[in-house]
1. Over the stretch 101-211, what lengths in whole Å, largest first, do the semi-axes of the equivalent ellipsoid take, defined as the square roots of 5 times the eigenvalues of the alpha-carbon gyration tensor?
2. For the stretch 1-119, take the convex hull of the Cα atoms, compute a quarter of its surface area, and give me that in nm², please.
3. Mind checking which of V53, S9, G85 is farthest towards the positive end of the stretch 4-90's charge dipole, using Cβ charges of +1 (Lys, Arg) and -1 (Asp, Glu) about the Cα centre?
4. How big is the gap, in Å, between the Cα center of the stretch 198-236 and the Cα center of the stretch 94-156?
5. Determine ³J(HN,Hα), in whole Hz, for all residues of the stretch 175-181 in sequence, where each value follows from phi through the Karplus function 6.51 cos²θ - 1.76 cosθ + 1.60 and θ = phi - 60°; x replaces Gly and Pro.
6. Using the Cα centre of the stretch 4-90 as the reference point, and only Cβ charges (+1 on K/R, -1 on D/E), how large is the resulting charge dipole? Debye, rounded to the nearest 20.
7. Tell me which residues come under 5 Å, amide H to amide H, from M163 once H is placed; ignore anything under 5 positions away on its chain.
8. What list of ³J(HN,Hα) couplings, whole Hz, do you get for the stretch 59-75 from phi and the Karplus terms 6.51, -1.76, 1.60, once you set θ to phi - 60° and write x for glycine and proline?
Amino acid sequence: MWYHHYRVSSNTQLTSNIHRVVLESTDTPISKAKAGEFVMLYIPAVGELPLSVFKQKEEELHFVIEDYGGASSRAVNLHKGEMVGVRGPYGRGFTLKQNTNYLLLAGGSGAPPLLKFVEEAQSTPGVSVTYLLGARSASELFLLDEARSMGARVMVSTDDGSMGYKGLITQLAEKLLSEATYDALYACGPEQMLLAAMSLAKRFGVYFEGSFVRDVRCAVGVCGLCVMEGTGRLLCVDGPVFSLHELEAAQHGG
């Protein structure tokens, strides 16, 4: 594989198992990534890790990485000055349209692509964004001020009620959908949350897109490991973002 070369610029711990890692290009940076697209991060002697781009500034790449074992454990422990490789971006991202009222649901480490979407929405005419971040407790919430600084209305939910709405993020979303009109509901997080968000979108007649997670290896549609069950779609080339219509059509052979 051919990689763009990057040096670790900083590594900041955001929660007990989530870090913000910033890379700086040492040759030619990757092309501009769209919210929801992903790259493959190569760590020497470890392997590759698929990651959504959280922020991109000229020669810098910002990632929010959760430690869930394997290569991710090494990624959250990268030290300043270490060299890594990056290839991509790959996949399809979220759709951004003018004059649209968006409701975004970020479940835990599902925040990065939606924060990137908030950033892109800043310069899009007539767009308003309500950004919801859900977690088990207040100690697991992160980058709220960053979302606010980009113009989003920010609300949080915690399972234990230690901050914001007490309950699931989808319960908070249901409350908001019953109180106001939204044009689109976008979500990224655990699959159970995505399925609940899809049900809400159907119930309230709101356009839906969700970013899903599968085991990605090649990222170019060759190995077939990231197939979406029941649809035949490959997450790395057809996704990782899918609309409700696309998923339902694929399940019915459309």
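Each value in this text was obtained by applying a stated rule to the coordinates, not by laboratory testing. Because the structure is a prediction, the values reported are computed rather than measured. As a convention, Cβ positions derive from the backbone with ideal geometry for all residues, glycine included, and neighbour counts pool all protein chains shown.
1. Value: 19, 17, 12 Å, ordered largest first.
2. The number I arrive at for the stretch 1-119 is 7.6 nm².
3. The residue sitting farthest along the positive end of the dipole is V53.
4. 20
5. In residue order, the calculated couplings are 4, 5, 5, 7, 9, 8, 9 Hz.
6. On the way: 9 positive and 10 negative charges, 21 e Å.
With only Lys, Arg, Asp and Glu charged at Cβ, the dipole is about 100 debye.
7. Correct list: A138, T158.
8. Ordered by residue, 3J(HN,Hα) equals 9, 10, 10, 10, 10, 10, 10, 9, 7, 10, x, x, 5, 5, 5, 6, 5 Hz.
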